[in-house]
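Colleague: Sharing a structure with you now.
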Amino acid sequence: MLICLSWLLMGCSSDDSPVEVKDTPPHLNVSDSLALVKIYNTIGPWHEKWDLNDITTWNGVTVTLDEMTNEMRVTGLEVYNGYGLHSQIPKEIGHLTELRSLVLAGGMLEGMIPEEIGNLVNLERLTFDGKGLTGGIPESIGNLVKLRRLDIINTSLSDTIPESIGNLASLEKLFLYDNRLTGRIPKGFANLNKLKSAILNNNQLTGTFPVEILKGKTTRFLFWNNNITELPFEVWNDDSEVIAPDLQGNRLSGVVPEWVFGTKKWQEDGMMCTRGQQEGYGYENVTYDH
């Protein structure tokens, strides 16, 4: 059982009752400690410097007491606007196996997101933000089945989105915008049945939009400013339960069938979701108001 600690000075449980003081003081898990020091020495310091002998100075770190082992485990590492962040994320980050939240935002992070991120199977939130990050989203991200929110934003990632992202059955928020992600939209998105918000604007995604990923979703996918070339007209059928994606600024072209103009869905959303296509693209028989 994990019990929350506030900077190691005062214990608390979920009902705010005091934690029983043990004869032997709790200690930080050795693997967690070594990993944190490696991470800090590689991509830090950020904000105030740490005293490596005093964990109360380790800003951005949350620890939790495991009563079974009398060890403190690292359950949160959150660095926002971390302009001191630099260098490549070390693979040792995968040793923090009790992490629930990992946020590395801002600064000059560079290189690839390590595959070892897939070891963090208890993660509920994962955020990477940094223009220097390159490569792709690791296939191992599909191991993070408890993940509820995924933000990979404002990076230079340029590979395809892995199909394994469809394994994230607990995912509620998916933000993959302002990157350079390429290729087709994974059909595995269809498995994200708890998804409430999805924004993938400003990438270089291509191909036909896979309508099957919309089924069972109560949210609208935003894919502004990609290179998507086709949206099957079936999304405008009033008998369909799907919510049409917002594809402003893509490469849709061709002729809209006459039956589409008579649907309630098109009249309410069609003009908004398909306007402003890239130069040289757009539906031939649709005139948009500016």
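Colleague: How many residues are in a loop (DSSP other than H, G, I, E, B), open to solvent by 10 Å² or more (accessible area, probe 1.4 Å) and within 18 Å of G82 (Cα to Cα) when one looks only at region 122-138?
Modeller: So the count comes out to 2.
Colleague: Among all residue pairs at least 6 apart or on different chains, which show Cβ distances below 9 Å where the first residue, located in region 77-99, is within 22 Å of V30 (Cβ to Cβ) and the second is among the aromatic types (F, W, Y) and not in a loop (DSSP other than H, G, I, E, B)?
Modeller: Qualifying pairs under 9 Å: I89/F128.
Colleague: So which of I117, I152, I141, I93 ends up being assigned to a helix (DSSP H, G or I), at pLDDT 95 or above, touching a strand residue (DSSP E or B) at 6+ places or on another chain (Cβ under 9 Å) and under 20 Å from I185 (Cα atoms)?
Modeller: Values: I117 fails: under 20 Å from I185 (Cα atoms); I152 fails: assigned to a helix (DSSP H, G or I); I93 fails: under 20 Å from I185 (Cα atoms).
So the residue among I117, I152, I141, I93 that is assigned to a helix (DSSP H, G or I), at pLDDT 95 or above, touching a strand residue (DSSP E or B) at 6+ places or on another chain (Cβ under 9 Å) and under 20 Å from I185 (Cα atoms) is I141.
Colleague: Which of (1) touching a strand residue (DSSP E or B) at 6+ places or on another chain (Cβ under 9 Å); (2) part of a loop (DSSP other than H, G, I, E, B); (3) open to solvent by 60 Å² or more (accessible area, probe 1.4 Å) does E110 not meet, given it meets every other one?
Modeller: (2)
Colleague: Which members of region 214-232 meet the condition of being within 18 Å of G270 (Cβ to Cβ), modelled with pLDDT of 95 or more, assigned to a loop (DSSP other than H, G, I, E, B) and open to solvent by 20 Å² or more (accessible area, probe 1.4 Å)?
Modeller: Across region 214-232, the qualifying residues are W224, P232.
For every residue, the table says whether it meets (1) among the acidic types (D, E); (2) free of Cβ contacts under 8 Å to residues at least 40 places away in the same chain; (3) assigned to a loop (DSSP other than H, G, I, E, B).
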residue	(1), (2), (3)
E241	yes, yes, yes
R251	no, yes, yes
W259	no, yes, no
G276	no, yes, yes
E279	yes, yes, yes
V286	no, yes, yes
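Colleague: Please pick out the residue among K22, K38 that is among the basic types (K, R) and at pLDDT below 85. If you could, list the steps in order and put the result at the bottom.
Modeller: Values: K38 fails: at pLDDT below 85.
Checking each option against the conditions leaves just K22.
Colleague: So for region 43-54 (the condition being assigned to a helix (DSSP H, G or I) and either modelled with pLDDT of 90 or more or open to solvent by 70 Å² or more (accessible area, probe 1.4 Å) (or both)), does at least one residue qualify? Spell out the reasoning first.
Modeller: Kept after step one, since they are assigned to a helix (DSSP H, G or I), are these residues of region 43-54: 43.
Now drop any that are not either modelled with pLDDT of 90 or more or open to solvent by 70 Å² or more (accessible area, probe 1.4 Å) (or both), which leaves 43.
So far as region 43-54 goes, yes, one or more of its residues are assigned to a helix (DSSP H, G or I) and either modelled with pLDDT of 90 or more or open to solvent by 70 Å² or more (accessible area, probe 1.4 Å) (or both).
Colleague: Let me ask you something else. Hey, among D269, D239, which residue is over 27 Å from G136 (Cα atoms) and open to solvent by 70 Å² or more (accessible area, probe 1.4 Å)? Please lay out each step first, then the result.
Modeller: Working: D269 fails: open to solvent by 70 Å² or more (accessible area, probe 1.4 Å).
One residue alone meets the criteria, D239.
The values are calculated or read from the model by the stated rules, or taken from the named source; none is laboratory data. Remember, predicted model here, so these are calculated numbers, not experimental data. No Cβ is skipped: glycine too gets one built from the backbone with ideal geometry, and neighbour counts run over all protein chains shown. In case anyone asks, the SASA skips ligands and DNA or RNA and just uses the protein heavy atoms, side chains included. Shrake-Rupley method; radii C 1.70, N 1.55, O 1.52, S 1.80 Å.
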